[in-house]
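Okay, structure first, notes after.
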């Protein structure tokens, strides 16, 4: 069963996500980052190339031919087949359709009131379905 971690009260969701990806990659974790907005993913794609000179974060869009051998996948398609199912980072206000295929999912919840409400609702839904949940508040 998927382990679900909520990271809430995130002041800057974009930068927090970049740091989270870097940390997960340093732990040799293969991940899929999901956001429904292609423009947001393109900004994330560019940021990951320039995050820090010392860091190399190999990433591609799911549609890229190299996605099968790349540890960090960016996608806007929640129903697409992924090359790996270790970690899903959900950046949306909705429950991803394929989250149960992943070993672990991290829900990143900003300090925005609408995002908080959507996050609380997803937390309740996962809880009702019996998923193992953890919660940490960003500092």
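Sorted from longest to shortest, the spans of the Cα atoms of the range 3-137 along the three principal axes equal 39, 30, 27 Å.
If you fit an axis through the alpha-carbon atoms of helix 113-128 and take the longest principal axis of the Cα set of the chain, what angle between them do you get, 0 to 90°, nearest 10? With rounding to tens, the tilt is 70 degrees.
Give the angle, between 0 and 90 degrees and rounded to the nearest 10, that separates the Cα long axis of helix 38-50 from the longest principal axis of the Cα atoms of the chain. Helix 38-50 and the main axis of the chain meet at about 60 degrees. Each label point was placed 7 Å from the Cα along the Cα-to-Cβ direction; for residue 139 and residue 64 their separation is 3.4 nm.
With respect to the chain, whose longest principal axis is taken over its alpha-carbon atoms, helix 13-26 is tilted by about 70°.
Taking every C-alpha pair closer than 8 Å and separated by at least 6 residues, the mean separation divided by the residue count of the range 3-137 gives a relative contact order of 38 percent.
We did not get these values from a lab; they are worked out from the coordinates using the rules stated. Because the structure is predicted, anything quoted here is derived from the model rather than measured. Backbone-built Cβ (ideal geometry, glycine too); neighbour counts: all protein chains shown.
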